[in-house]
Amino acid sequence: MPLMTPPDSVGIVSPTTHHFDQALTLANGRTLDSYDIVYETYGKLNAAKDNAVLICHALSGHHHAAGFHSLDDKRPGWWDNYIGPTKAIDTNRFFVISVNNLGGCHGSTGPTSINPATQKAWGSDFPTLRVRDWVESQKRLADALDIQQWAAVVGGSLGGMQAMRWSLEYPERVRHCVTIASAMKLTAQNIAFNETARQAITADPEFSNGHYLANNTLPAQGLSIARMIGHITYLSGDGMKQKFGRDLRSGTFEKGVDEPLEFEIESYLRYQGNAFSTSFDANTYILMTRALDYFDLAREYNDDPVAAFSHAQCQFLVVSFTSDWRFSPERSQEITNALIHAKKRVTYAEIESEFGHDAFLIKNDRYTEIFSSYMKNISLNNENISQKTIEEPTCV
Amino acid sequence: MRIDLDTIQSYISTDSYVLDLACGDGNLLLALQKNKNITGVGLENDPDYISACIKSGVSVIEHDLNKGLHHINDKTYDTVVMTLALQAMQKPDVVLEEMLRIGKECIITFPNFAHWKARWHLLIHGRMPVSDLMPYEWYNTPNIHFCTIKDFEILCKEKNITILNNTVVSEKGSSQKLAELHPNLFGETAIYHLTKSHS
């Protein structure tokens, strides 16, 4: 057990739960009468309250983005590589808020919560959510914490979609939008992977039509396969080849020997699938993948992304990774191109990486440099005060 | 302070939308943002230059110019600028056409290969010119398509490009008068302000 956390870590953190009593009308017309949002914060909100950064999580993410919950934790939060003192999202400067989205399974109200109407777990009766519902619930949290404008809204993948939606729904409340390894809408191929994953879950007899919690069953097998499918698409072919190749975990091809064989990649995927199936909720997985599928930034703007982005008032940083085929650089180029034509200030970088879609979570020198430099340029009120002339009070 | 900045600046309208192709470290856009209040964006392919742009707060887009500009709509920008990079393009004539398609106007600067020093190098030494502006050997130079001021104007004529303004500058101020008299002989860097719209 380590005696202390690393110096560039936000250290030991603990989540906070905010209860909302004001009903939330969802994009699909249904209403949540009350709900909880669980979140973590890192760094300090300055006096001007202009240094707040919102972290939007991806499909399987949650509020624990940085630091440790205890010294016993084997691993820090999911984006610890990029959040912390002196890191890209520098907590010496920024006040970072990381939420668990509505519909999640890490503390915010979701399918595993109790449905007040039935006093049983919501299960598959939990309303279908869209990205805009998350933006709305995050906006209410911002109101509750008295944050009128985000210095930046930041997210990778599904998180990037939330960041972009923020820039259109509440343009005056976002100064910078950072969208990493994301897309304005999923391709048919992408939806196909998600549907295959959902089928794996719903075909598991233990799924019980989504009411496994009430029925005391668990579709672990289905969720595990769903995760394995997803995991394959988050890695690149080259990355997999380098990490696993055709190496054997057990058994041999020796002539005359008949024993069970297992490739390293099989063992790895099975391990990942199993671990996920006991730590994540199957209904949340279905809900989150659906939100991904349904997202279409420009749908309500006559399918014109330029018209959509013309509503934004913030500056943009768009980042993609060369080996990411699930959210390929072309998708990020489409975002960038729409922003160019909407005459928005946009910076785009394509980072060389072999780690596929997962690259947005992994340490990478150029990614760090680009991300850090961009964030450093976000000006904050309290830091400029010495350069500004302080107005003399007028004598009457 | 770069020698071509004052001239380029005089060709650019206040508050306009400007694209700088091969923008380098972004110092031109930074100056234009400061002095002309432009909305500027640079295209660049070199990771170090991209970082430099971001550090100085210049919007930059990672893009290989040799892949073309077909993703940008007609007349998107008020002005498209390219300084000292035309000679490094695989298809300079196509790039020029594209600049005039995506921008209402464009500004191009290039080293004049007919400058007397270059002529001297070839005439007396019988070797490819090497200078401060063109510091490479023939086999490793990125500058694969040199032209002279005369050549460039012939291309403009062929392509029906209107020259709105043009001038030449020299590294050292003393030869500036000569350069104005005989641009193709004494002009080191040519600056052209062009358009193709017939309004």
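The values are calculated or read from the model by the stated rules, or taken from the named source; none is laboratory data. Since we're looking at a predicted model, the values are computed, not measured. Because the Cβ atoms are built from the backbone with ideal geometry, glycine has one as well, and the counts that use them run over all protein chains shown. Surface areas here come from the heavy atoms of the whole protein model, side chains and all, with no ligands, DNA or RNA. Shrake-Rupley method; radii C 1.70, N 1.55, O 1.52, S 1.80 Å.
So the check is Cβ under 7 Å with 6+ separation or different chains; which pairs have a first residue in segment A:370-381 that's closer than 20 Å to B:E62 by Cβ and in a helix (DSSP H, G or I) and a second one that's modelled with pLDDT of 95 or more and of a type in the set (D, E, K, R)?
Between residues of segment A:370-381 that are closer than 20 Å to B:E62 by Cβ and in a helix (DSSP H, G or I) and residues that are modelled with pLDDT of 95 or more and of a type in the set (D, E, K, R), the close pairs are A:S373/B:K55; A:M375/A:D90.
Which of the residues spanning segment A:164-205 are farther than 21 Å from A:A349 by Cα and assigned to a loop (DSSP other than H, G, I, E, B)?
A:Y170, A:T187, A:A203, A:D204
From A:A226, A:A181, which residue is modelled with pLDDT of 95 or more, among the small types (G, A, S), under 17 Å from A:T278 (Cβ atoms) and open to solvent by less than 10 Å² (accessible area, probe 1.4 Å)? Quick ask: steps written out before the conclusion?
Working: A:A181 fails: under 17 Å from A:T278 (Cβ atoms).
The unique qualifying residue is A:A226.
Open to solvent by 30 Å² or more (accessible area, probe 1.4 Å), among the small types (G, A, S) and free of Cβ contacts under 8 Å to residues at least 12 places away in the same chain: is that true of A:A117 in this structure?
Considered against the rule, which asks whether it is open to solvent by 30 Å² or more (accessible area, probe 1.4 Å), among the small types (G, A, S) and free of Cβ contacts under 8 Å to residues at least 12 places away in the same chain, A:A117 comes out as yes.
Name the single residue that is nearest to the chain's Cα centre (by Cα) among those in segment A:304-331 being open to solvent by less than 10 Å² (accessible area, probe 1.4 Å) and more than 10 Å from every other protein chain (Cβ to nearest Cβ).
This residue is A:F327.
Specify which of the listed residues (A:E334, A:E350) is within 22 Å of B:A52 (Cβ to Cβ) and touching a residue at least 12 places away in the same chain (Cβ under 8 Å). Steps first, please.
Values: A:E334 fails: within 22 Å of B:A52 (Cβ to Cβ).
Sole residue among the options that is within 22 Å of B:A52 (Cβ to Cβ) and touching a residue at least 12 places away in the same chain (Cβ under 8 Å): A:E350.
Mind checking whether some residue in segment A:274-285 is hydrophobic (A, V, I, L, M, F, W, C), open to solvent by 40 Å² or more (accessible area, probe 1.4 Å) and closer than 26 Å to A:Q199 by Cα?
Initially, segment A:274-285 is screened for residues hydrophobic (A, V, I, L, M, F, W, C), giving A:275-276, A:280, A:282.
Still in the list and also open to solvent by 40 Å² or more (accessible area, probe 1.4 Å): A:275.
Applying the additional criterion that residues be closer than 26 Å to A:Q199 by Cα yields A:275.
Yes, that holds for at least one residue.
Is it the case that segment A:140-149 has a residue that's within 26 Å of A:H357 (Cα to Cα), charged (D, E, K, R) and surrounded by fewer than 24 Cβ atoms within 10 Å (Cβ to Cβ)?
Checked against the condition, which is being within 26 Å of A:H357 (Cα to Cα), charged (D, E, K, R) and surrounded by fewer than 24 Cβ atoms within 10 Å (Cβ to Cβ), segment A:140-149 yields no hits at all.
Can you find even one residue in segment B:108-122 that is over 18 Å from B:T189 (Cα atoms) and over 13 Å from the mean Cα position of the chain (by Cα)?
For segment B:108-122, residues over 18 Å from B:T189 (Cα atoms) and over 13 Å from the mean Cα position of the chain (by Cα): present.
Within the group B:W120, B:W138, which residue is loosely packed, with under 13 Cβ neighbours inside 10 Å and in a helix (DSSP H, G or I)?
Result of the check over B:W120, B:W138: B:W120.
Any residue that is open to solvent by 80 Å² or more (accessible area, probe 1.4 Å), modelled with pLDDT of 95 or more and away from chain B (no Cβ under 14 Å) - is there at least one of those in segment A:351-364? If you could, list the steps in order and put the result at the bottom.
Within segment A:351-364, the subset open to solvent by 80 Å² or more (accessible area, probe 1.4 Å) is A:352, A:355, A:363.
Of the ones still in play, those that are also modelled with pLDDT of 95 or more are A:352, A:355, A:363.
From the residues that got through so far, the ones that are away from chain B (no Cβ under 14 Å) too are A:355, A:363.
Yes, segment A:351-364 contains at least one residue that is open to solvent by 80 Å² or more (accessible area, probe 1.4 Å), modelled with pLDDT of 95 or more and away from chain B (no Cβ under 14 Å).
Name the pairs: first residue in segment B:30-50 and among the small types (G, A, S), second residue assigned to a helix (DSSP H, G or I), Cβ to Cβ under 8 Å, at least 6 apart or on different chains?
B:A31/B:L5; B:A31/B:Q9; B:G40/B:L29; B:G40/B:L32; B:G40/B:Q33; B:G42/B:L29; B:G42/B:C53
When you look at B:T83, is it open to solvent by less than 10 Å² (accessible area, probe 1.4 Å) and touching an Asp or Glu at 6+ places or on another chain (Cβ under 7 Å), yes or no?
On the way: open to solvent by less than 10 Å² (accessible area, probe 1.4 Å): no; touching an Asp or Glu at 6+ places or on another chain (Cβ under 7 Å): yes.
So B:T83 does not fit the description; no.
Can you pull out the residues in segment A:332-350 that are more than 9 Å from chain B (Cβ to nearest Cβ) and within 30 Å of A:P76 (Cα to Cα)?
Residue satisfying the conditions is A:S332 alone.
May I ask you to list pairs of residues, at least six apart or on different chains, whose Cβ atoms are under 9 Å apart, with the first in segment B:152-173 being in a helix (DSSP H, G or I) and open to solvent by 70 Å² or more (accessible area, probe 1.4 Å) and the second being at pLDDT 95 or above and among the β-branched types (V, I, T)?
B:E153/B:I163
Please tell me if B:V58 is crowded, with 22+ Cβ neighbours inside 10 Å and farther than 19 Å from B:E153 by Cα.
For B:V58, the condition - crowded, with 22+ Cβ neighbours inside 10 Å and farther than 19 Å from B:E153 by Cα - is met.
Can you go through A:V153, A:V135 and tell me which one is touching a residue at least 24 places away in the same chain (Cβ under 8 Å), open to solvent by less than 20 Å² (accessible area, probe 1.4 Å) and part of a strand (DSSP E or B)? Step through it out loud before you land on a result.
Numbers: A:V135 fails: part of a strand (DSSP E or B).
None of the others qualify; the one that does is A:V153.
Mind telling me which of the residues A:R270, A:R246, A:R290 ends up being farther than 21 Å from A:A192 by Cα, part of a helix (DSSP H, G or I), among the basic types (K, R) and in contact (Cβ under 8 Å) with a residue 12 or more places away in the chain?
Values: A:R246 fails: part of a helix (DSSP H, G or I); A:R290 fails: farther than 21 Å from A:A192 by Cα.
Going through A:R270, A:R246, A:R290 in turn, the sole match is A:R270.
Yes or no: segment A:218-231 includes at least one residue that is under 29 Å from A:D293 (Cβ atoms), in a helix (DSSP H, G or I), free of Cβ contacts under 8 Å to residues at least 12 places away in the same chain and not charged (D, E, K, R).
Just the residues of segment A:218-231 that are under 29 Å from A:D293 (Cβ atoms), to begin with: A:218-231.
Filter once more, so that each one left must be in a helix (DSSP H, G or I): A:220-231.
After this cut, where a residue has to be free of Cβ contacts under 8 Å to residues at least 12 places away in the same chain as well, the list is none.
Within segment A:218-231 (the criterion being under 29 Å from A:D293 (Cβ atoms), in a helix (DSSP H, G or I), free of Cβ contacts under 8 Å to residues at least 12 places away in the same chain and not charged (D, E, K, R)), the answer is no, since none of the residues qualifies.
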